Amino acid sequence: VMAVSFVTTESPLGRLLLASTDKNMIGCWFMGAKHFPPVPEERLRQAPFLSMPGVAAESCDCGCKGPRHAEDLQKIRQKKFPPTPPAVLLGAVMELGAYFQGTRTTFSLPMEPIGTPFQKSVWDYLRGIPLGESRTYAEAARALGREKAVRAVGAAVGRNPLSIFIPCHRMLGSDGSLTGYAGGLNRKRALLELEGVRLIL
């Protein structure tokens with residue numbers, strides 16, 4: 001059985017849940033996003049909170065409280081602390097902070113998303129899309145030699161378990177429109193604008 005560690009962090013676009021093994025990143029999801037993993041509520045509550053560089057705790061717009069209120073701090077002091085998160089999760093929060101501040105354009109962390117061979121081929125394709133650029137689902141299907149599998153490509157993109165790190169937000173409809181994003185279209189637009197992608201629609 002694979003041992004998985006979790007942490008939460010606050011990004012400028014809302015709270016994130018990050019997951020890793022001892023060595024590899026396996027997940028990054030916006031809280032409450034579509035396809036959010038079935039993590040038991042108790043595990044979520046126990047996940048350590050790591051502050052993201054450059055993000056003020058009060059900047060969160062998702063309505064969650066985070067461990068910055070007096071009553072929450074008292075609860076934290078009373079409970080046993082979980083083990084220190086793996087170094088890869090600490091690195092992930094640091095790299096995300098640099099990304100949102102515009103000082104990092106690529107991620108260097110080892111990643112091992114869990115999926116089918118086809119899904120992994122789509123996610124590998126996504127990792128090859130440079131920052132500041134976008135692709136369409138039809139382009140991805142052609143590049144993968146599965147020209148007629150546009151819908152299957154779209155489904156695999158939607159199941160990407162490593163939001164931001166594997167940039168599924170760089171995928172657009174054939175007319176350049178914003179289409180489905182598990183974290184919500186407002187976040188997709190914000191990520192593309194952060195990266196300097198000019199949106200037609």
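The values are calculated or read from the model by the stated rules, or taken from the named source; none is laboratory data. Keep in mind that what you see is a predicted model, and the values were worked out from it rather than measured. Glycine also receives a Cβ, built like all others from the backbone with ideal geometry; neighbour counts cover every protein chain displayed. Calculation scope for accessible area: heavy atoms of the full protein, side chains included, ligands and nucleic acids excluded. Shrake-Rupley method; radii C 1.70, N 1.55, O 1.52, S 1.80 Å.
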Response to the item:
Within region 133-149, the residues that are under 28 Å from THR105 (Cα atoms) and either in contact with a Phe, Trp or Tyr (Cβ under 9 Å, 6 or more places away or on another chain) or among the polar types (S, T, N, Q) (or both) are SER134, ARG135, THR136, ALA140, ALA143, LEU144
Worksheet item: Restricting attention to region 145-181, which residues are under 21 Å from PHE118 (Cβ atoms), aliphatic (A, V, I, L, M) and open to solvent by 30 Å² or more (accessible area, probe 1.4 Å)?
Response: VAL150, ALA152, ALA155
Worksheet item: Does CYS28 qualify as being under 17 Å from the mean Cα position of the chain (by Cα) and either at pLDDT 95 or above or under 16 Å from PHE165 (Cβ atoms) (or both)?
Response: yes
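May I ask you to list the residues in region 90-106 that are small (Gly, Ala, Ser) and modelled with pLDDT of 95 or more? Write out each step before concluding.
Looking only at region 90-106, we keep the residues that are small (Gly, Ala, Ser), and these are 91-92, 97-98, 102.
Once the filter is applied, which keeps residues that are small (Gly, Ala, Ser) and modelled with pLDDT of 95 or more, region 90-106 yields GLY91, ALA92, GLY97, ALA98.
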Worksheet, complete the sentence: Of the candidates SER121, SER163, SER177, the one satisfying the condition of being farther than 29 Å from LYS23 by Cα and among the hydroxyl-bearing types (Ser, Thr, Tyr) is SER177
Worksheet entry | helices (runs of 4 or more DSSP H) wholly inside region 87-146 that include at least 2 residues being more than 12 Å from VAL157 (Cα to Cα) and in contact (Cβ under 8 Å) with a residue 24 or more places away in the chain | 87-100
Worksheet, complete the sentence: Filter region 122-137 for residues that are among the aliphatic types (A, V, I, L, M) and surrounded by 15 or more Cβ atoms within 10 Å (Cβ to Cβ); the one that is nearest to GLU193 (Cα to Cα) is ILE129
Practice prompt. Looking only at region 8-21, decide whether some residue is assigned to a loop (DSSP other than H, G, I, E, B), touching a helix residue (DSSP H, G or I) at 6+ places or on another chain (Cβ under 6 Å) and of a type outside the set (S, T, N, Q).
Written response: yes
Practice prompt. Give the number of residues within region 1-24 that are of a type in the set (Lys, Arg) and over 12 Å from the mean Cα position of the chain (by Cα).
Written response: 1
Discussion item. Whether any residue in region 32-48 is modelled with pLDDT of 95 or more and either open to solvent by 30 Å² or more (accessible area, probe 1.4 Å) or part of a loop (DSSP other than H, G, I, E, B) (or both) is what I want to check.
Written reply: no
